[in-house]
Each structure stands twice: as C-alpha cells, then as structure tokens.
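Asks: To start, I am sharing the structure in question, which I have written as structure tokens.
The values are calculated or read from the model by the stated rules, or taken from the named source; none is laboratory data. This one's a predicted model, so the numbers in the text were calculated from it and none came from an experiment. Using ideal geometry, Cβ is built from the backbone for each residue, glycine included, and neighbour counts are taken over all protein chains shown.
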Amino acid sequence: MNFKTLAAVAAVVAFGANAQAEGLKVGMITTLSGGGAGLGIDVRDGFMLAMKQSGRDDIEVVIEDDQRKPDVAVQLSDKMIQSEKVDVLTGIIWSNLAMAVVPSATAQGKFYLSPNAGPSALAGKRCHKNYFNVAWQNDNLHEGAGAYAQSEGYKNTFILAPNYPAGKDALTGYKRTYGGELAGEVYTKLGQKDYAAEIAQIRASGADSVFFFLPGGMGIAFLKQYADSGVDLPVVGPAFSFDQGILQAVGSAALGVKNTSQWNKDIDNAANTAFVESFQAEYGRLPSLYASQGFDTANLLISAAAKADVNDQDAFRAALKAAEFDSVRGDFAFGSNHHPIQNIYVREVIQEGDVFTNKIIGTALSNHADVYAADCKM
C-alpha cells in the first residue's frame, strides 16, 4: 500500500508552547477523495482552523486520506500508531470505517476523538474509556426527526437509508421517537446514485411523508430525482442530507425541507458567531455541520492539552471528560459513555441571496442523550 497518495496530506501545525503537552501528536484519518470527500474536507478545515487560532506550536497534526475504504483506514491507523507514534487519532467520517479503526486504536492505548461517526456499538457495549465522540451518537439527529414528524401529525412515513451501521442506526432512531405506522422501510446500497425504484415504491405506498438518511452524494442524487418525480409528499431528514455543501448542489429542490441538527450557523452565542465569520474568511465558504464538528473536536483537544500531559492518560482523560471549551453549540457536556448531551434543533432550508442554507425554526429534543449509555460499562 502506497500511503503517499495524491489526496493524502501531512501537516505540522503551530500552536504556542505549552510544556504540559510537549510532543503531542495527532493523526487525522478522513475522507479527502472520491465520494464523500466534501465531508472529510470540512472536518479537516474546521479542525485546522481551531488549531491555527489556538496560537500553540507544540502539537503536530498528520493528515491522511482513507478514500472511504475500511482496509485503507486500518492500514493508515496502524501506520500512524506504530510508525508515526501518534498520541490521539481523529477524523473518520463513516461508521463502517470507525468500527474497523476505533476498537483497535483504543486497545493499543491511544485516544480517539470522533468528529462525526457515532455507531451504536461504540456508545454501548463496546464503549471505551479512551473513546470520545464530539459530534453525536448516530441515532440522535434521526430521533429528533422522528420527534418532529410526530409533532407534525405524520402517521404513515416511508423511511429509507443505506445498508451500513449508520443507516441502521438512523432508521432505528427515527422509529424510536416517531410512534406512527410505516408505509415502507428500505435499505439502499451504500453509494447508490439511482433511486428510481425507491421513488416508485414511495409513490405506490400510500405514505403521508418521507424520511431519509442519505449522506453526501447519495442525498444529492435522491433529492434531485425526488423533486423531478412529481411525488409531492413532505420530506424530513437529518442535517447530513441538507447541510451547507450539499445544498448548493441540490439547489431549489431542497427549499422548505425540515431537517434536524445539533448545530446551525444561527445558534446565538459568541463562539459560534466568531466561528462562522472566521471560517468564511479563511476558506471563502459558509461552514457546514461537519466543519463545526471538526472545530469543536480540535478545541476539546486543545482544552485538554492545556490542563494535562497526554502521557498521563488518567489526567488527560479527565481533562477531555471535563470538556472545558467554548463549543459552537453553546453548553457542551459528555454523558457517562463519552457522547454528547445536547439539543437537537429543527431547521428549514431557505435561500439567502444566491446561497441555499438553513435556519433554526424550533427544538426537537432538549438536553438529549443516547439510549446506549446504559449498556456502557467503563
């Protein structure tokens, strides 16, 4: 395996001297090429913006492209741990890659900070004291969507998601809070781009609404085809299919769609206002959900490094657990399984000038934790 692919990036980032965290080395494995690359790029850019703003010069960040392939991610993780001698790993977008990498990394005594993927297994029975998820547990935004659908009086939803761990968590989460009947439940192929068969099923199903989880290019393809199909049922989804980068590709087909998220650019706090402004200034685009998660993940790491040496694992773990940083979400706290307790908001897709974006219109779930924490025995 040649790890020096054209899409791989290695970076040493400066952050201000701090004797407590001298020599801290971070390995970021994320998707920077192929399908879903925009998600990894946003996580990387948010993470690196926080690092740049911190003013430190004692943390090294090595970045590699997993190409959305589990075998590549595993090999990169092994290389980073055994050859690069990283202390902390982060960056993975996709849950099937997380399931391939995280248990091995934590078993080798490394910390893993997830800026995205939150599979249920790692929140429950396979949780680990060195694993922290800074984004959400996979079910959470879908639980918010189910709660919103129930509040709107939908009683016969057609639901679909890709057939991989996050897709299964998505539909499980939606059903947990929805409470109504299902007109259909379909698992699609991961990476699928043609949804004619699924849309035909929706048309014939007698559904009163549609819920889907199709991240990245899958969501773009589905929404465009759905808009062209003439099926006129209300659509509800998680932020992953209606986030900033995706909306520009979907365009007007997404206008008015309600979606759920733990973050949006209009959350009213100083940290978020500064983040949105600085991200636009640095990269020339509005930040996405993924960028916000990368930014928070880096700031969590920086906050822990300011309090403890990573070589004192108990102290560093306690500093991570304390989460004493200014999150773009406002108040931030970990539950007992090291997953966030947070609000899940309802957003509506709108147009501001030439830009498609979201605005918060309500709160689906307040101070929400995941159901798997009860199975986590640390």
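Asks: Among the polar types (S, T, N, Q), part of a helix (DSSP H, G or I), in contact with a Leu (Cβ under 7 Å, 6 or more places away or on another chain) and closer than 25 Å to Asp45 by Cα - does that describe any residue in region 287-309? Give the steps one after another, and end with the answer.
Replies: Initially, region 287-309 is screened for residues among the polar types (S, T, N, Q), giving 288, 292-293, 297, 299, 303.
With the extra rule that they be part of a helix (DSSP H, G or I), the set shrinks to 292-293, 297, 299, 303.
Going one step further and asking which of them are in contact with a Leu (Cβ under 7 Å, 6 or more places away or on another chain), we end up with 297.
Retained after the next criterion (residues that are closer than 25 Å to Asp45 by Cα): 297.
Yes, region 287-309 contains a residue that is among the polar types (S, T, N, Q), part of a helix (DSSP H, G or I), in contact with a Leu (Cβ under 7 Å, 6 or more places away or on another chain) and closer than 25 Å to Asp45 by Cα.
Listed here are the residues, each with its yes/no results for (1) among the aromatic types (Phe, Trp, Tyr); (2) out of contact with any helix residue (DSSP H, G or I) (no Cβ under 6 Å at 6 or more places or on another chain); (3) farther than 23 Å from Gly146 by Cβ; (4) buried (at least 23 other Cβ atoms within 10 Å of the Cβ).
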position: Asp266; (1), (2), (3), (4): no, yes, yes, no
position: Lys307; (1), (2), (3), (4): no, no, yes, no
position: Asp314; (1), (2), (3), (4): no, yes, yes, no
position: Arg317; (1), (2), (3), (4): no, yes, yes, no
position: Ser327; (1), (2), (3), (4): no, no, yes, yes
position: Gly335; (1), (2), (3), (4): no, no, no, no
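Asks: May I ask you to list pairs of residues, at least six apart or on different chains, whose Cβ atoms are under 6 Å apart, with the first in region 213-227 being farther than 13 Å from Leu247 by Cα and free of Cβ contacts under 8 Å to residues at least 60 places away in the same chain and the second being part of a loop (DSSP other than H, G, I, E, B) and among the aromatic types (Phe, Trp, Tyr)?
Replies: Partner pairs satisfying both residue conditions: Gln225/Tyr195.
Asks: Which residues, taken from region 88-128, are without any contact (Cβ under 8 Å) to a residue 40 or more places away in the chain and either under 24 Å from Asp309 (Cβ atoms) or not hydrophobic (A, V, I, L, M, F, W, C) (or both)?
Replies: Hits for region 88-128 are Val102, Pro103, Ser104, Ala105, Thr106, Ala107, Gln108, Lys110, Tyr112, Arg126.
Asks: With respect to Val61, determine if the residue is surrounded by fewer than 24 Cβ atoms within 10 Å (Cβ to Cβ), modelled with pLDDT of 95 or more, over 16 Å from the mean Cα position of the chain (by Cα) and not assigned by TED's automatic domain parsing to the domain that holds Ile159.
Replies: Working: surrounded by fewer than 24 Cβ atoms within 10 Å (Cβ to Cβ): no; modelled with pLDDT of 95 or more: yes; over 16 Å from the mean Cα position of the chain (by Cα): yes; not assigned by TED's automatic domain parsing to the domain that holds Ile159: yes.
Against the criterion (surrounded by fewer than 24 Cβ atoms within 10 Å (Cβ to Cβ), modelled with pLDDT of 95 or more, over 16 Å from the mean Cα position of the chain (by Cα) and not assigned by TED's automatic domain parsing to the domain that holds Ile159), Val61 does not qualify.
Asks: Could I ask something else about it? Which residue, of Lys321, Lys359, is of a type in the set (Lys, Arg), surrounded by fewer than 20 Cβ atoms within 10 Å (Cβ to Cβ) and outside any helix (DSSP H, G or I)? Lay out the reasoning, then the answer.
Replies: Working: Lys321 fails: outside any helix (DSSP H, G or I).
Just one listed residue meets the conditions, Lys359.
Asks: Additional query: Report yes if Ile350 is in contact with a His (Cβ under 7 Å, 6 or more places away or on another chain) and outside any helix (DSSP H, G or I), otherwise no.
Replies: Numbers: in contact with a His (Cβ under 7 Å, 6 or more places away or on another chain): no; outside any helix (DSSP H, G or I): yes.
It is false that Ile350 is in contact with a His (Cβ under 7 Å, 6 or more places away or on another chain) and outside any helix (DSSP H, G or I).
To keep it simple, each residue is scored yes or no on (1) modelled with pLDDT of 95 or more; (2) β-branched (Val, Ile, Thr); (3) assigned to a loop (DSSP other than H, G, I, E, B); (4) farther than 23 Å from Asn138 by Cα.
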position: Tyr187; (1), (2), (3), (4): yes, no, no, no
position: Ala197; (1), (2), (3), (4): yes, no, no, yes
position: Ala204; (1), (2), (3), (4): yes, no, no, yes
position: Ile246; (1), (2), (3), (4): no, yes, no, no
position: Gly251; (1), (2), (3), (4): no, no, no, yes
position: Thr260; (1), (2), (3), (4): yes, yes, no, no
position: Asn264; (1), (2), (3), (4): yes, no, yes, no
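Asks: Would you tally the residues in region 121-167 being touching a helix residue (DSSP H, G or I) at 6+ places or on another chain (Cβ under 8 Å), surrounded by fewer than 24 Cβ atoms within 10 Å (Cβ to Cβ) and either part of a helix (DSSP H, G or I) or of a type in the set (Gly, Ala, Ser) (or both)?
Replies: Of the residues in region 121-167, 5 are touching a helix residue (DSSP H, G or I) at 6+ places or on another chain (Cβ under 8 Å), surrounded by fewer than 24 Cβ atoms within 10 Å (Cβ to Cβ) and either part of a helix (DSSP H, G or I) or of a type in the set (Gly, Ala, Ser) (or both).
Asks: For residues that are part of a helix (DSSP H, G or I) and touching a Leu at 6+ places or on another chain (Cβ under 9 Å), scanning just region 61-79, find the one that is nearest to Leu97 (Cα to Cα).
Replies: Within region 61-79, the subset part of a helix (DSSP H, G or I) is 70-79.
Remaining after also requiring touching a Leu at 6+ places or on another chain (Cβ under 9 Å): 70, 72-74, 77.
Details: Pro70: 5, Val72: 9, Ala73: 7, Val74: 8, Ser77: 11 Å.
The qualifying residue nearest to Leu97 (Cα to Cα) is Pro70.
Asks: Between Ala291, Ala305, which is of a type in the set (Gly, Ala, Ser), in the same structural domain as Lys110 (by TED's automatic domain parsing) and out of contact with any Phe, Trp or Tyr (no Cβ under 7 Å at 6 or more places or on another chain)? Steps first, please.
Replies: Numbers: Ala291 fails: out of contact with any Phe, Trp or Tyr (no Cβ under 7 Å at 6 or more places or on another chain).
After applying the criteria, what remains is Ala305.
Asks: For Ser278, are the conditions met, namely being more than 24 Å from Ala123 (Cβ to Cβ), outside the structural domain of Gly55 (by TED's automatic domain parsing) and either assigned to a helix (DSSP H, G or I) or without any contact (Cβ under 8 Å) to a residue 24 or more places away in the chain (or both)?
Replies: On the way: more than 24 Å from Ala123 (Cβ to Cβ): yes; outside the structural domain of Gly55 (by TED's automatic domain parsing): no; either assigned to a helix (DSSP H, G or I) or without any contact (Cβ under 8 Å) to a residue 24 or more places away in the chain (or both): yes.
Against the criterion (more than 24 Å from Ala123 (Cβ to Cβ), outside the structural domain of Gly55 (by TED's automatic domain parsing) and either assigned to a helix (DSSP H, G or I) or without any contact (Cβ under 8 Å) to a residue 24 or more places away in the chain (or both)), Ser278 does not qualify.
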